[in-house]
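J.: I have a structure I would like to understand better, so I am pasting it below and will then ask my questions one at a time.
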Amino acid sequence: MQIKIDTTKDNPLLKRREVGFTIVSGPKEKTPPRLEVKKAVAAELALGADVVYIKHMRTKTGTSITQGVANVYQSVAQAKLVEPEYIQKRNNPKEKSTEEATA
């Protein structure tokens, strides 16, 4: 998986950067999981993964090219204040407890 940052736009009102990215996977690979992409974007920007939120990702039909948008916040508190709850849940899923895994 190769990631390339296409665009960045500062949004000082919301204290974030809006980042457009493109991922090129191998020809037989499937779309990478959201958490893996989140870590890759954070690594590319030299930031912690806790301030990066993947807004959406789309894979072009018939190709292994995925394009998406991520919001990169100045702090975790600002991210929790601005991002909708469903985006927070998508980007920070709860770990399954051992009781749920055995059931």
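J.: For segment 35-100, what is the relative contact order in percent, using Cα pairs closer than 8 Å and at least 6 residues apart in sequence?
T.: Working: 58 pairs, mean separation 17.6, N = 66.
So the answer I get is 27 percent.
J.: Here's a follow-up. If you roll a 1.4 Å probe over the chain with all protein chains in place, what percent of the accessible area is carbon or sulfur?
T.: On the way: 3700 of 7020 Å².
Looking at the chain in its full context, I get 53 percent from C and S.
J.: What are the ³J(HN,Hα) couplings of segment 41-55, residue after residue, when phi is run through the Karplus curve with 6.51, -1.76, 1.60 and θ = phi - 60°? Round to Hz, x for glycine and proline.
T.: Rounded to whole hertz, the list is 5, 4, 5, 5, 8, 6, 10, x, 6, 6, 9, 9, 10, 7, 7.
J.: Same structure again: Using Stokes-Einstein with the Kirkwood hydrodynamic radius over Cα pairs, what translational diffusion coefficient do you get for segment 12-74 at 10 °C and a viscosity of 1.306 mPa s, in µm²/s rounded to a whole number? Spell out each step's value before the answer.
T.: On the way: Rh = 12.2 Å.
In µm²/s, the coefficient is 130.
The values are calculated or read from the model by the stated rules, or taken from the named source; none is laboratory data. This one's a predicted model, so the numbers in the text were calculated from it and none came from an experiment. For the accessible areas, the whole protein counts, side chains as well, though only heavy atoms, and no ligand, DNA or RNA atoms are used. Shrake-Rupley method; radii C 1.70, N 1.55, O 1.52, S 1.80 Å.
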